[in-house]
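The values are calculated or read from the model by the stated rules, or taken from the named source; none is laboratory data. Just so it is clear, the structure is predicted and the values come from calculations on it, not from any experiment. Glycine gets a Cβ as well: all are built from the backbone with ideal geometry, and neighbour counts include every protein chain shown.
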């Protein structure tokens, strides 16, 4: 996924803010945490380009391990339930939810090592054939890019929509 992770984090935060609004966190900070969580797994791209010299698929690095995001999601859920001051827990919760949504979205056409680090096997729902050069054209010209555009359009719609109850 190329353009869908940030809007997906935005969507997650916008849809969940009302349920967590009584935590005292501002809507802007909540959405920021959601957006950052949506792109956080791709922070491994710095390592991929600057240190690893593109030798390994960046989805094999620990920021793309679903077990990490499930662990963060579990820990932040427990924290949220037990905390008296829920603002930090709410931010951690939306961050980890958006990070896990990133894993789900990458699983559509991108290999995700769902059982890493225990099992070294990638999983993807669909495969993008390598037909075009440069490599990224294969993804942009694939039907799945329409899903990314839909995610982007949904985020834009939520951004432009007026709240029902101000």
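Considering only residues in segment 126-141 that are assigned to a loop (DSSP other than H, G, I, E, B) and surrounded by 11 or more Cβ atoms within 10 Å (Cβ to Cβ), the one that is nearest to the chain's Cα centre (by Cα) turns out to be 126. When residue 152 is tested against the conditions (1) modelled with pLDDT of 95 or more; (2) more than 20 Å from residue 14 (Cβ to Cβ); (3) surrounded by fewer than 19 Cβ atoms within 10 Å (Cβ to Cβ), the lone failure is (2).
Among residues of segment 1-56 being assigned to a loop (DSSP other than H, G, I, E, B) and under 19 Å from the mean Cα position of the chain (by Cα), the one that is surrounded by the fewest Cβ atoms within 10 Å (Cβ to Cβ) is 2. Kindly indicate whether any position in segment 114-124 is in contact (Cβ under 8 Å) with a residue 40 or more places away in the chain, under 21 Å from residue 57 (Cα atoms) and in contact with a helix residue (DSSP H, G or I) (Cβ under 6 Å, 6 or more places away or on another chain). So far as segment 114-124 goes, yes, one or more of its residues are in contact (Cβ under 8 Å) with a residue 40 or more places away in the chain, under 21 Å from residue 57 (Cα atoms) and in contact with a helix residue (DSSP H, G or I) (Cβ under 6 Å, 6 or more places away or on another chain).
Checked against (1) touching a residue at least 24 places away in the same chain (Cβ under 8 Å); (2) surrounded by 14 or more Cβ atoms within 10 Å (Cβ to Cβ); (3) under 28 Å from residue 135 (Cα atoms), residue 67 passes all but a single condition, namely (3).
Restricted to segment 81-93, and to residues there that are part of a helix (DSSP H, G or I) and surrounded by fewer than 19 Cβ atoms within 10 Å (Cβ to Cβ), the residue that is farthest from the chain's Cα centre (by Cα) is 82. Only one of the listed residues (147, 105, 93, 72) is within 22 Å of residue 27 (Cα to Cα) and in contact (Cβ under 8 Å) with a residue 40 or more places away in the chain. That residue is 93.
State whether one or more residues within segment 94-116 are in contact with a strand residue (DSSP E or B) (Cβ under 9 Å, 6 or more places away or on another chain), under 18 Å from residue 13 (Cα atoms) and buried (at least 19 other Cβ atoms within 10 Å of the Cβ). There is at least one residue in segment 94-116 that is in contact with a strand residue (DSSP E or B) (Cβ under 9 Å, 6 or more places away or on another chain), under 18 Å from residue 13 (Cα atoms) and buried (at least 19 other Cβ atoms within 10 Å of the Cβ).
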